[in-house]
Amino acid sequence: GLDGARYEWGDEKPAPGARFFKCLALLNGPSVVGAYSFEAMPGKTTEMFVKGMIWLRKPVKSLGISPFSSMFWFGENTHPKPYDFRPEVHDSDALQIELADGTHIWRPLDNTPGQLRLSLFEAVGMKGFGLAERDREFKNFEDLEANYHRRPAVWVEPITGFEAGNVTLVEIPTGEETWDNIVAFYQPAIMPTADKPLSFSYRLQWLDQHEPGKLAKVLHTRRGFVMKSDDHEYVIDFSKGEAQGDKPADWLPEVALKITTGEVKILDQRVMKNNETGGWRAFFKLDIPETTNLLEIMMELKDEKQVISERWM
């Protein structure tokens, strides 16, 4: 752990024919102490069932439950790209969250030199979250050794102890692919104490990807300057999905764009059919003043009032 905590491991020998194997761990550190149980079932989707109980020996600024890390060096939304023969280099390309009301959030990862980014997403009654590697095309990576196009996604499904808190995303700037620079975890709103432990349990899935039901999912995130100007243009590709039902061939959804933080002027927003993917391509252009240091952008596709896509953030 970051505070010098250490695990002591033990295991139970599986019975003949058992689907799961089990590991037990004691957590011991200057700030925290705890006990864990990990049950794992290998397969095409490797499933784990995790139970834990932790006590804090002293107050801490941040406590991460179900933490995991990944790597993002550069991708389709990176400018400028490193001088590398590969088009993209990352283990994950987005943070994915499913909220209690059925909203699916897709937050593309980024790596900006010199900028440590900390993003918090309120997750009361959350159904799950994870880091996803949705890009499965070898041509987008061209790496025969690391096989980045086959990196698994991970999905956390809360069971107990996740009633109120936030999902925290940490993006650490990096200039290479060696180190994990992406961290995601759940931070509870109420911290445990020395006499009131925090008990929690969750399922962990290592899989190809967690699908957002019938919603159109984000396929690609790209950005750049509008030709002969310093206005910013974002181009987001979505799959077709099924939430919009049967529509005429020339039907187009609406682009619902919202700026939640920062001053900006929206110049244009529209959507067109993407005949190459069978889905939709959404565009929007922004005039960003020099005084704006941070923008938080939210966009989704709608059929009148019905949301038919993931929420791109």
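The values are calculated or read from the model by the stated rules, or taken from the named source; none is laboratory data. This one's a predicted model, so the numbers in the text were calculated from it and none came from an experiment. All Cβ positions, even for glycine, are placed from backbone atoms using ideal geometry, and neighbour counts span all protein chains on display. Keep in mind that these areas ignore ligands, DNA and RNA; they rest on the heavy atoms of the full protein, side chains included. Shrake-Rupley method; radii C 1.70, N 1.55, O 1.52, S 1.80 Å.
Some observations on this one:
- For the range 85-153, size of Cβ-based charge dipole, Lys and Arg +1, Asp and Glu -1, in debye: 60 debye
- Residue separation of E137 and L267 scaled by 0.36 nm, minus their Cα-Cα distance, works out to 43.5 nm of gained length.
- Spin-label pair E163-S69: with each label point 7 Å from Cα along the Cα-Cβ axis, the two points sit 3.3 nm from one another.
- Selected from E157, E142, E98 as most flexible by GNM, with the chain as the system and alpha-carbon contacts under 10 Å: E142
- Rounded to the nearest 10 square angstrom, T103 shows an accessible area of 30 square angstrom against a 1.4 Å probe.
- Phi angles across the range 268-284 convert, under the Karplus curve 6.51 cos²θ - 1.76 cosθ + 1.60 with θ = phi - 60°, into 3J(HN,Hα) values of 6, 8, 7, 9, 9, 6, 9, 5, 6, 10, x, x, 10, 10, 9, 10, 8 Hz, Gly and Pro given as x.
- Distant-in-sequence amide H partners of T46 (H built 1.01 Å from N, under 5 Å): W206
- Carbon and sulfur %, accessible surface of the range 1-158 computed with the full protein complex present, 1.4 Å: 55 percent
- Number of Lys pairs (Cα under 25 Å; 8 or more positions apart or on different chains) in the range 1-97: 6
- Computed over the range 203-313, the ratio Rg/Rh where both radii use C-alpha atoms and Rh is Kirkwood: 1.01
- Residue-normalised accessible area of the chain, expressed per residue, 1.4 Å probe, Å²: 55 Å²
- Sequentially through the range 28-43, phi angles give Karplus couplings (6.51, -1.76, 1.60; θ = phi - 60°) of 9, x, x, 10, 9, 9, x, 9, 9, 10, 10, 10, 10, 10, x, x Hz, Gly and Pro residues having no value and appearing as x.
- In this view, the solvent-accessible surface of D180, computed with a 1.4 Å probe and all protein chains in place, comes to about 80 Å².
- Straight-distance candidates among the lysines for linking to K273, with alpha-carbon spacing under 28 Å and chain neighbours fewer than 8 residues away dropped: K139, K214, K217, K228, K240, K247, K258, K265, K285, K302, K305.
- Length released on extending from F85 to N275, taking residue separation times 0.36 nm less the Cα-Cα span: 65.5 nm
- Residue-by-residue Karplus 3J(HN,Hα) for the range 211-223, coefficients 6.51, -1.76, 1.60, Hz, glycine and proline x: 7, x, x, 8, 5, 5, 9, 6, 9, 8, 10, 9, 8
- Label corresponding to Cα extents along the principal axes in Å when calculated from the structure given, among (i) 84, 36, 31; (ii) 64, 55, 45; (iii) 61, 48, 43: (iii)
- Net length available on complete extension from T260 to E39 is 75.5 nm, with 0.36 nm assigned per residue and the Cα-Cα distance removed.
- Globularity index of the range 4-101 is 1.51 (Cα radius of gyration / 2.2 N^0.38 Å, N = number of residues).
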